[in-house]
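First comes the structure, then the notes that go with it.
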Amino acid sequence: MTNAEVARTLERIATLLEIDGANPFRVRAYREGARVIEGHAESVSAMAAEPGALEALKGIGKDLAARIRDLTATGRTDMLDELRARIPDEVAAFTELQGLGPKRVKTLFEALGIRDRAALEAAARAGQLRGLPGFGEKVEQNVLKALATASAMTGRVLLAHAWPIAHAIAERVQAIRGVESVELAGSFRRRRETVGDLDLLVTGGDPEAVMQAFVSHPSVADVLGRGETKSSVRLDSGLQVDLRLVPGDSFGAALLYFTGSKAHNIELRRIAQEQGLSLNEYGLTRGERVVASRTEEQVYRALGLAWIPPELREGLGEIDLARAGTLPRLVELADVRADLHMHSTRSDGRDTLEAMAQAALDRGLETIAITEHSKALAMANGFDAARVRQSVGEIAALRARFPRLHILHGLEVDILGDGALDLDDDTLAVLDWVVVSIHSRFEMTPEAATARALAAVRNPFVNVFGHPRGRLIGGREGVPFDLEQVAEAAAANGVAMEINASPDRLDLSEVDARLARAKGCRFTIDTDAHATTHLENMKFGVFQARRAGLTREDVLNTLPHAKLMTAIERPARRASAGRTGAARTPAERAPAKRAPVKRTPPKRAR
Ligand SMILES: [Zn+2]
Ligand SMILES: [Zn+2]
């Protein structure tokens, strides 16, 4: 199990304990343990083998260490099994609905005996929720809304959650003697935001040995079917995985077929038919003769098309581009040189400023922007104007410690309900990089939401609109502003749009990003890391950008540092620095001060 998987399991135990009415201290211990493990760079699987290593971690006691040892050794722990026997998985999943925390879910479960989603929806429609303690009419309405959003997610998991297990299974199969190729096809290969199941295609190797390795993976909960060429399993997480053995000489045709999408494949088959050919998972054929089948490139070429990156295979015009030879050269992870949105312990991050900088350097980044929250997010230790000025010295000290990393002094400033920013222009002028984001009041009329977003992107100190919609995949729809107008204004004002790489945000979506690009916007792809481990999420943002057809030229943080600095220059900031002149200097000369000691751990802003 990876650290992320262990952390998710501990978090799940915490939620179940809370629904079960356990001692709040115990619940908190599991939740805190999850945070510690998720943010810990060293593999806990390796640490579990070393006596005392887990217990040496802050926040990990004996009880937790024992659970972690169970999990890393066997993939399960009795405690979770017992809790799951009492509380149905579907009930636990209610806590992911916007507005329903574990306390309310406990009430639903105990007072109304609600055990599944259908019962929850029926009860909400019948007006049975409003009278419950801690509920009310508004909560009831929000539950119905959240159920509608979540229904799109049913049976699907976030790409990032499927990522580690998909690769672990593929690697296990790849290690079998004689296996030539292993590919993960389907929506996983197209890098959709969520995946419903995994499709593994394998060539070579002894079929018996391949199937045995597959069905005996420790994460397999049920073997749904086992055959000569195809086996299916269900994992502990509920995800179904199908493995198909295909002959090497039809691997390309099979990969094309099982990657999809359906719409893409239908168009390809039509093109084949027009040429008197036929296309299926075994190959492209003319009568009995195989025209192409070994590689995808060969099949596309035989159809008169350039190879199409899987992220574009959605039947949205990519085939015309491939025929004309005008497919975009999509941005790649290796193009990314900067990460311009991240937090540290100074606001609601888990790792220190120094740890974040070191991790960025270790990942080969040239430039980072440290972007703590602003004061509207008091829970997240948001910065006020004085704290921003105080931090000039802190950033200067950080730069001195990391001379090989370019560090922008940034901030993630809240966009208030009326579109005003949480900090005044004089304060914004102190900063190198201003991200503006919405963290509250997501429910507005489209008109009010549009006015709010327009006001924010028109501020001359702003650089980028962070996670613009504020959506959470499967959890929150986001702000209903008219993106066409907002993107136009952003482009005209030199404000970039962010593709936030947090796995449950991926915001802008690929549909929104396509529109914003058509309106002339440029983009940043940022991790919004709240721990060093989150810097790994950059790839998910890049996938989303690729699905939107973005090239390196569309993405600011692919620029070398000097060019990036020119590209993000805001005339207002330069004028302000000239006008006030001294405003920056005394602060810069001020000695680095330590952040005030926090009494309570901050809550992460979503
Ligand atoms: Zn944010
Ligand atoms: Zn953020």
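The values are calculated or read from the model by the stated rules, or taken from the named source; none is laboratory data. Worth saying up front: this structure is predicted, and the values here are computed from it rather than measured. Cβ placement follows ideal geometry from the backbone for every residue including glycine, while neighbour counts extend to all protein chains displayed. Just the protein is used for accessible areas: all its heavy atoms, side chains included, with ligands, DNA and RNA removed. Shrake-Rupley method; radii C 1.70, N 1.55, O 1.52, S 1.80 Å.
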So which residues in segment 246-257 are open to solvent by 50 Å² or more (accessible area, probe 1.4 Å) and assigned to a helix (DSSP H, G or I)? ASP249, TYR257
Can you tell me which of (1) open to solvent by 70 Å² or more (accessible area, probe 1.4 Å); (2) under 30 Å from VAL246 (Cβ atoms); (3) among the charged types (D, E, K, R) is the one ARG190 doesn't meet? (1)
Is it fair to say ALA545 is within 16 Å of ligand 1 (Cβ to nearest atom) and open to solvent by less than 10 Å² (accessible area, probe 1.4 Å)? no
Consider only pairs whose beta carbons are under 6 Å apart and that are at least six residues apart or on different chains; among these, list those whose first residue lies in segment 420-436 and is hydroxyl-bearing (Ser, Thr, Tyr) and whose second residue is within 16 Å of ligand 2 (Cβ to nearest atom) and open to solvent by less than 10 Å² (accessible area, probe 1.4 Å). THR427/VAL388
Report the residue count in segment 1-39 for those that are among the polar types (S, T, N, Q) and modelled with pLDDT under 90. 2
Going through segment 474-487 in order, the residues found to be in contact with a helix residue (DSSP H, G or I) (Cβ under 9 Å, 6 or more places away or on another chain) and either surrounded by fewer than 22 Cβ atoms within 10 Å (Cβ to Cβ) or not in a helix (DSSP H, G or I) (or both) are GLY474, GLY475, ARG476, GLU477, VAL479, PRO480, PHE481, ASP482, GLU484, GLN485
Kindly indicate whether any position in segment 373-384 is more than 27 Å from GLY33 (Cα to Cα), open to solvent by 60 Å² or more (accessible area, probe 1.4 Å), of a type in the set (Lys, Arg) and within 16 Å of ligand 1 (Cβ to nearest atom). yes
GLY349: within 16 Å of ligand 1 (Cβ to nearest atom), at pLDDT below 95, under 23 Å from the mean Cα position of the chain (by Cα) and among the small types (Gly, Ala, Ser), yes or no? yes
Those residues of segment 273-289 which are without any contact (Cβ under 8 Å) to a residue 12 or more places away in the chain and in contact with a helix residue (DSSP H, G or I) (Cβ under 8 Å, 6 or more places away or on another chain), in sequence order: SER278
So the check is Cβ under 7 Å with 6+ separation or different chains; which pairs have a first residue in segment 231-250 that's closer than 12 Å to PHE214 by Cα and a second one that's of a type in the set (Val, Ile, Thr) and open to solvent by 10 Å² or more (accessible area, probe 1.4 Å)? SER231/VAL215; VAL233/VAL215; VAL233/VAL220; VAL233/VAL223; LEU235/ILE165; LEU235/VAL220; ARG244/THR229; LEU245/THR229
Taking the criterion of being surrounded by 12 or more Cβ atoms within 10 Å (Cβ to Cβ) and in a helix (DSSP H, G or I), would at least one residue in segment 53-62 satisfy it? no
Only residues that are under 19 Å from ARG177 (Cα atoms) and loosely packed, with under 13 Cβ neighbours inside 10 Å: list them for segment 213-228, please. SER216, GLU228
So which residues in segment 548-572 are basic (Lys, Arg) and either touching a Pro at 6+ places or on another chain (Cβ under 6 Å) or buried (at least 21 other Cβ atoms within 10 Å of the Cβ) (or both)? ARG570
Applying the selection to segment 523-544, what residues are part of a strand (DSSP E or B) and out of contact with any Gly (no Cβ under 8 Å at 6 or more places or on another chain)? PHE523, THR524
Across segment 356-369, which residue is nearest to ligand 1 (Cβ to nearest atom) among those that are more than 19 Å from the chain's Cα centre (by Cα) and in a loop (DSSP other than H, G, I, E, B)? LEU365
Going by the conditions given, is VAL210 crowded, with 20+ Cβ neighbours inside 10 Å and either outside any loop (DSSP other than H, G, I, E, B) or at pLDDT 95 or above (or both)? yes
Applying the selection to segment 485-520, what residues are charged (D, E, K, R) and within 16 Å of ligand 1 (Cβ to nearest atom)? GLU498, ASP504, ARG505, ASP507
Under 6 Å between Cβ atoms, at least 6 apart or on separate chains: pull out the pairs that start in segment 328-346 with a residue that is within 16 Å of ligand 1 (Cβ to nearest atom) and end on any residue that is open to solvent by 10 Å² or more (accessible area, probe 1.4 Å) and not basic (Lys, Arg). ASP339/LEU365; SER344/THR352; SER344/LEU353; ARG346/ALA595
Just wondering, is there one or more residues in segment 368-390 that are away from ligand 2 (no atom under 16 Å from the Cβ) and acidic (Asp, Glu)? yes
Of the residues in segment 488-504 that are more than 16 Å from ligand 2 (Cβ to nearest atom) and assigned to a loop (DSSP other than H, G, I, E, B), the one that is least open to solvent (accessible area, probe 1.4 Å) is VAL495
